[in-house]
Amino acid sequence: MAPVTRRSAIRTLSALPAIAAVPAAGVFSALPRTARAAEFSYKYGNNLPLSHPLNIRAQEAADRIAKETNGRVEIKIFPNNQLGGDTDMLAQVRSGGIEFFTPSALVIATLVPVAAINAVGFAFADYKQVWAAMDGKLGAHVRGAIAKSRLYAFEKMWDNGFRQTTSSKAAVATAKDMDGLKIRVPVSPLSISMFKGLGAAPASLQFSEVYSALQTKIVDAQENPLPIIQVAKLFEVQKFCSLTNHIWDGYWFIANGRAWDALPADLKTIVARAINEAGLQQREDIRKLNESVVGDLQAKGLTINRPAADSFRAKLRDSGFYGEWKGRFGPEAWALLEEAVGKLA
């Protein structure tokens, strides 16, 4: 399939009203005119649609890189699983079949277990804590672990958002409301462990099964970032949306280690600066998108509430969840997490 073009990316920009502050005209810089083929031609794969802020900002970064390197570095973007699923693309970026990939932390954790530490239940109170940790010592620790797998992780994570809880039975206001709740969770040991610790009855289902499982009452609840709840029309089979912020997940922008090492130092500087700065812009896009989605979901009939994290943290502490995962992640990584968010275990 054809890679993303600047024209198609501009055309889909209008599909995201929440980032209307990004001007459609003049967003994508023109590629430099050159008769030469790019000295370094790289493929970047991801699992998100063309209209997602990640792909819009990545295309801007690719255009900027082409311009600032005078055409020496070309990055072709393949969105929406064109190059395979997450597992496939993770294998490809390790082997060099593709040069760039943006796995979520939970995806790369299948290769680098400590990368899942940002998804510890109710660890982060807000984005201020998230970015202090992931732009700081904890993020550096995870990048070091990723480097041991022959991958290079750029300094700035991109945002996937906090996960929220929806239910057809009642709003989730405290940890007690989780008792016996039949809730769909992704196939993730960390997620399953957290919801069991809260007293819920988690069921791991593929996302393609979620709508029908909610509709037929196989499960009563599910959890996902707000834009996914919106796009999947889960408001049609759910009544309540509790902004629990129970897990934050983001995308690591990673490169094949050999390809990254092959770039001269001056080109590395240009590429890293463009990708990291695009990541900061994408974070702001997601923040605005989430704000707009809350209003839209309310208009679609979902009742929104904002529970405090205290009772959930206390339940996870009492159930031994934090103690168990402190042991799994190791004392060094756990200490860096607690340095950013406060005492958990």
Checklist outcome for this item: Note on region 254-306: residues under 23 Å from the mean Cα position of the chain (by Cα) and among the hydroxyl-bearing types (Ser, Thr, Tyr) are SER292
Item to check | Single residue of region 72-92 satisfying the filter (closer than 23 Å to LEU267 by Cβ and in contact with a Leu (Cβ under 7 Å, 6 or more places away or on another chain)) that is most open to solvent (accessible area, probe 1.4 Å) | outcome: ARG72
Item to check | Residue list for region 164-201, filter: touching a helix residue (DSSP H, G or I) at 6+ places or on another chain (Cβ under 7 Å), closer than 27 Å to THR110 by Cβ and not hydrophobic (A, V, I, L, M, F, W, C) | outcome: GLN164, THR166, ARG184, SER188, SER193, GLY197
Next on the checklist: Looking at region 140-165 only, could you name the residues that are under 16 Å from TRP248 (Cα atoms) and over 14 Å from the mean Cα position of the chain (by Cα)?
Outcome noted: VAL142, THR165
Next on the checklist: Just to be sure I understand, how many residues within region 300-317 are under 19 Å from ALA125 (Cβ atoms), open to solvent by 40 Å² or more (accessible area, probe 1.4 Å) and in contact with a strand residue (DSSP E or B) (Cβ under 6 Å, 6 or more places away or on another chain)?
Outcome noted: 1
Checklist entry - If you go through region 118-134 one residue at a time, do you hit one that is surrounded by fewer than 21 Cβ atoms within 10 Å (Cβ to Cβ), modelled with pLDDT of 95 or more and hydroxyl-bearing (Ser, Thr, Tyr)? => result yes
Checklist outcome for this item: All conditions in (1) basic (Lys, Arg); (2) open to solvent by less than 50 Å² (accessible area, probe 1.4 Å); (3) more than 24 Å from VAL142 (Cβ to Cβ) are true of LYS288 except (2)
Checklist entry - Which members of region 96-107 meet the condition of being among the aliphatic types (A, V, I, L, M) and modelled with pLDDT under 95? => result ALA105, LEU106, VAL107
Checklist outcome for this item: If you go through ALA66, ALA132, ALA38, the only one that is assigned to a helix (DSSP H, G or I) and touching a Lys or Arg at 6+ places or on another chain (Cβ under 9 Å) is ALA66
Checklist entry - Regarding SER292, is this residue assigned to a helix (DSSP H, G or I) and modelled with pLDDT under 95? => result yes
Checklist entry - Going through region 154-182 one residue at a time, which ones are at pLDDT 95 or above, open to solvent by less than 50 Å² (accessible area, probe 1.4 Å) and not in a loop (DSSP other than H, G, I, E, B)? => result TRP158, ASP159, PHE162, ARG163, GLN164, THR165, THR166, SER167, ALA175, MET178
Checklist entry - Which of (1) open to solvent by less than 10 Å² (accessible area, probe 1.4 Å); (2) under 21 Å from LEU243 (Cβ atoms); (3) not β-branched (Val, Ile, Thr) is the odd one out, the single condition ALA115 does not satisfy? => result (2)
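Based on what the data block shows, is SER191 open to solvent by 30 Å² or more (accessible area, probe 1.4 Å) and at pLDDT below 95?
Considered against the rule, which asks whether it is open to solvent by 30 Å² or more (accessible area, probe 1.4 Å) and at pLDDT below 95, SER191 comes out as no.
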Checklist entry - Pick from GLY330, GLY342: which is open to solvent by 20 Å² or more (accessible area, probe 1.4 Å) and farther than 30 Å from ASN55 by Cβ? => result GLY342
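Does region 226-264 hold any residues that are of a type in the set (Lys, Arg) and either over 28 Å from SER149 (Cβ atoms) or touching a Ser or Thr at 6+ places or on another chain (Cβ under 8 Å) (or both), and which are they?
Passing the criteria: LYS233, LYS239.
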Checklist entry - Which one of the conditions (1) modelled with pLDDT under 95; (2) surrounded by 22 or more Cβ atoms within 10 Å (Cβ to Cβ) does GLY197 fail to meet, given that it meets all the rest? => result (1)
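The values are calculated or read from the model by the stated rules, or taken from the named source; none is laboratory data. Quick caveat: nothing in here was measured; it's all calculated off a predicted structure. Heads up, the Cβs are rebuilt from the backbone with ideal geometry, glycines too, and the neighbour counts pull from every protein chain shown. Protein only, heavy atoms only, side chains kept; ligands, DNA and RNA dropped before computing areas. Shrake-Rupley method; radii C 1.70, N 1.55, O 1.52, S 1.80 Å.
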